[in-house]
1. Quick one: net charge of K238's neighbours, Cβ under 13 Å, K/R +1, D/E -1?
2. What is the local net charge at A216, summed over the other residues whose Cβ is closer than 13 Å to its Cβ (Lys, Arg +1; Asp, Glu -1)?
3. In cubic angstrom, how much convex hull volume per residue do the alpha carbon atoms of the chain span?
4. Can you give the angle from 0 to 90° between the axis of helix 178-189 and the longest principal axis of the chain, with both taken from C-alpha atoms, to the nearest 10?
5. P(r) for segment 5-130: what percent of alpha-carbon pairs falls in each 5 Å bin, starting at zero?
6. For the chain, take the longest principal axis of its alpha carbons; what is the angle in degrees between that and the long axis of helix 98-111, to the nearest 10 within 0 to 90?
7. Return the distance in nm (one decimal) between the two label points of a simple spin-label model at L241 and L228, each offset 7 Å from Cα along Cα→Cβ.
8. Just for the Cα atoms in segment 278-323, what are the lengths along the principal axes, largest first, rounded to whole Å?
Amino acid sequence: MGARSPRFFLPLLLALALASLLLSLTQGSIPVSFHDLLSILRGQALDPAHSLARQLILELRLPRSLGAFFTGALLALAGVLMQVLVRNPLADPYILGISGGAALAALLAMLLGLSGILLDASAFVGALLAVILVFGLARQNSGGRQGAWTPLRLLLTGVVLAAGWGALISFILAITPEQQLKSMLFWLMGDLSYSINPWPLGIVLIVGLLASLPLARSLNVLIRGERLAESLGVDTGKVQLALFLLASLLTASAVSQAGSIGFVGLVIPHLVRLMGYTDHRILIPAASLCGGILLVIADTLARTILAPQQLPVGIITALLGIPLFLHLLQKGQRTS
């Protein structure tokens, strides 16, 4: 278990999360001073010349920044749960093909001209259908009857289905008219520009934390092996089913809001572990906060690097996550 005390670590992450959100609200193609931002958030009256800033903050940047934070937290939490479920350090929230099902449904909705809530709903339904398909196929035995499933069987089924979703997505992109292609590619690479109502994601995050934290002690044992967990009285079947359902719900919610944003669910859990916090009672909330911070910073950079042009946030998460992870990995090897 991690030997470092979380007494200051979690409060520090909370402070960093607040700082990242405040920074994201002030930065953009139209900068807003910190003083004006505080006045807007407090509801204080501003002169008419600053009415645009109020509208910009409250109607555009605040929902988007909160959406980025909740999405990053959901992906990081799902990554923690998925890595325990399949007991594979390379697992991420998308490894079971959930994002592929969501992406296919979203692209079909775009072809039909749907947008906004209908697009999000289509992606969420596609993700849920992918979850049902993965779980159903993983439980089929050679005789066609319903049988028990194992993490390895679930992983292999998900990988195969993810390849199938990828082929269908490529087919959709190949036949899509050029005027719709850019929006589809942005969605596939991660896009938070349509995040106008982040509160459902916040509710899902709270539910995920409340459901996963009571399992933390069991996860500490399960990640070391199923036999060890069973010998210590852990009902591995129920815990694994809970992990699968929770990780699927978190991933489906995140993908439906922001598309496929890579590296957050893979890098963040390892980042927290390499800092010495391996106890899931600390790892779960810490990874959620770190995931939210990373995606808020990445989205801020995506909005500002080439402002007023915006980049897909998935590009920024990769550029930030890969060198950070490699640095921490080498640092962990030197200190081990």
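Every read-out reported here was derived from the displayed coordinates using simple, explicitly stated rules and does not represent laboratory data. Note that this is a predicted model, so its numbers are computed, not measured. Reconstructed Cβ throughout: ideal geometry from the backbone, glycine too, with neighbour counts over all protein chains shown.
1. Numbers: positive: none; negative: E226, E230, D235.
The answer is -3.
2. Working: positive: R217, R281; negative: D279.
Every neighbour counted, the sum reads +1.
3. Values: hull volume 50.7 nm³, N = 336.
So the per-residue Cα hull volume is 151 Å³.
4. Roughly 60 degrees, rounded to the nearest 10.
5. Per 5 Å bin, starting at 0, the Cα pair percentages come out as 2, 9, 13, 14, 13, 14, 14, 11, 7, 3, 1, 0.
6. 50 degrees
7. So the label points at L241 and L228 sit 2.6 nm apart.
8. Answer, in whole Å and largest first: 42, 17, 11 Å.
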